[in-house]
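Q: This is the structure I want to talk about, given as structure tokens.
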Amino acid sequence: MLFKNLYLPDMIKWEEDSLSDKFGRLEITPLERGFGRTLGNALRRILLSMLEGFAPVSLSIEGVEHQFSTVPGVVQDVTEIVLNVKSLIINLQGQEKSIIRLNASGKGEFTGKDLTGDEHLKVINEDQEIAQLDGTGKLSMEITVEKGKGFIPADEWSIHGKEEKAGTILLDSWFCPVRKVNFQVQSARVGDRTDYDHLIMDISTDGSIDPKEAVNEACDILIEHLRMIPGGLEPEEKPDLISEEKDNKNDFLSFAIDDTDIPTRVANVLKSAGIQTVSDLLEKKAADILEIGGFGPSSLDTVNNVLKKRNLSIED
């Protein structure tokens, strides 16, 4: 495909054999010489630093004033418990913040699957050990989980408005759901020329987001920044296509997905599955929509937030 005498990719695919919730290999080819490294570097930087995720930010344990303590009946000291809590991988669907709890007693090992919270909570690594009890005591704790991006050390939380109080331990928090990104650029042939680029990217996540969704979000971030350059300092806003004449529920049902406030990327995924209008969308169950490739729980939350403005929602 040619665009202004530039050759654009005619193959963008995920390697199906290795694709999982935590790993994906993306191939893009052919690219003009140098574009493989340009795209690879840009996407890698965004994937590793700009995507939002969830992480434990603070911990309080009943009877404990600071992390250099011990809890009667608990094999680990508080420092070890803190390290275990920081290793939890958590997803909160549709929420920015939540508190999860552990109330443990008796003898045994207690892990992520023993944590309790609201229905939005999902612990990805349920086998992550939190503490072991010898049967002579109990352990009651509350963990605050928040949404954020990047890495925030415990001693920098004060910059973000948090103060360490007696009985509350602030944690080092790593929010980014992408753990590792590698890319390589190989040669590709177009006709008689062999100096085109073939970009191969390996993306590993923590399981709270799949690689396809991570790349889609990274592309959205990059596109929004690039869109600002020719338009000035203000990002281009999607025009409000819902006029007063169409401001009733029946008319809204006939709207094309493109004519709503659903983000373009999410709308394109829906259209690829044959969902062209709001009416088509509401005929689907949430479980059916989540089976669409590239459409995850966060995309479903985004769609439902748009529908809620019209007192509509996708049925579970």
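Each value in this text was obtained by applying a stated rule to the coordinates, not by laboratory testing. Note that the structure is a prediction, hence the values are computed from the model and not measured. All Cβ positions, glycine included, derive from the backbone under ideal geometry; neighbour counts span all protein chains shown.
Q: Got the relative contact order for region 53-174 handy, in percent, Cα pairs under 8 Å and 6 or more residues apart?
A: Normalised by residue count, the contact order of region 53-174 is 40 percent.
Q: Another question, then. Measure out, as a whole number of angstrom, how far apart the alpha-carbon centroids of region 250-316 and region 80-150 sit.
A: Taking the Cα centre of each part, region 250-316 and region 80-150 sit 33 Å apart.
Q: I've got another one for you. Please arrange 62, 163, 32 by counting, for each residue, the other beta carbons lying within 10 Å of its beta carbon, fewest first.
A: Taking fewest neighbouring Cβ atoms as first place, the list is 163, 62, 32.
Q: Of 80, 213, 283, which is the most mobile in a GNM of the chain whose springs link Cα atoms less than 10 angstrom apart?
A: Of the options given, 283 has the highest mean-square fluctuation.
Q: Let me spell out the model: positive unit charges on the Cβ of Lys and Arg, negative unit charges on the Cβ of Asp and Glu, origin at the Cα centre of region 244-308. What dipole size does that give, in debye rounded to 20?
A: On the way: 7 positive and 12 negative charges, 54 e Å.
Magnitude of the dipole: close to 260 debye.
Q: Pick out, from 108, 272, 42, the residue whose Cα sits farthest towards the positive end of the charge dipole of the chain, with +1 on the Cβ of Lys and Arg and -1 on the Cβ of Asp and Glu.
A: 42
Q: Let me ask something else about it. Pull up all non-local amide H partners of residue 21: gap of 5 or more, or a different chain, and H-to-H distance under 5 Å with H placed in the peptide plane.
A: none
Q: In sequence order, what are the phi-derived ³J(HN,Hα) couplings for region 146-151 according to the Karplus relation 6.51 cos²θ - 1.76 cosθ + 1.60 with θ = phi - 60°, rounded to whole Hz, with x for glycine and proline?
A: 9, 8, x, 9, x, 10
Q: Read through the labelled values [x] 1.09; [y] 1.01; [z] 1.04 and report the label of the one computed as Rg/Rh (Cα atoms, Kirkwood Rh) from the structure.
A: Identified label for the calculated read-out: [z].
Q: Using Cα-Cα distances under 8 Å and only pairs 6 or more residues apart, what relative contact order does region 1-115 have, in percent?
A: 14
Q: Hey, can you list the DSSP H helices of the chain whose Cα span along the axis is 27 Å or longer and whose average Kyte-Doolittle score is at least -0.5?
A: Qualifying helices: 211-231.
Q: Counting pairs of alpha carbon atoms under 8 Å apart in space and at least six apart in sequence, what relative contact order in percent does the chain give?
A: 20 percent.
Q: Where does each of 85-95, 99-109 land if you order them by average Cβ count within 10 Å, highest first? It would help to have the intermediate numbers written out before the result.
A: Numbers: 85-95: 18.4, 99-109: 14.5.
Order by mean packing, descending: 85-95, 99-109.
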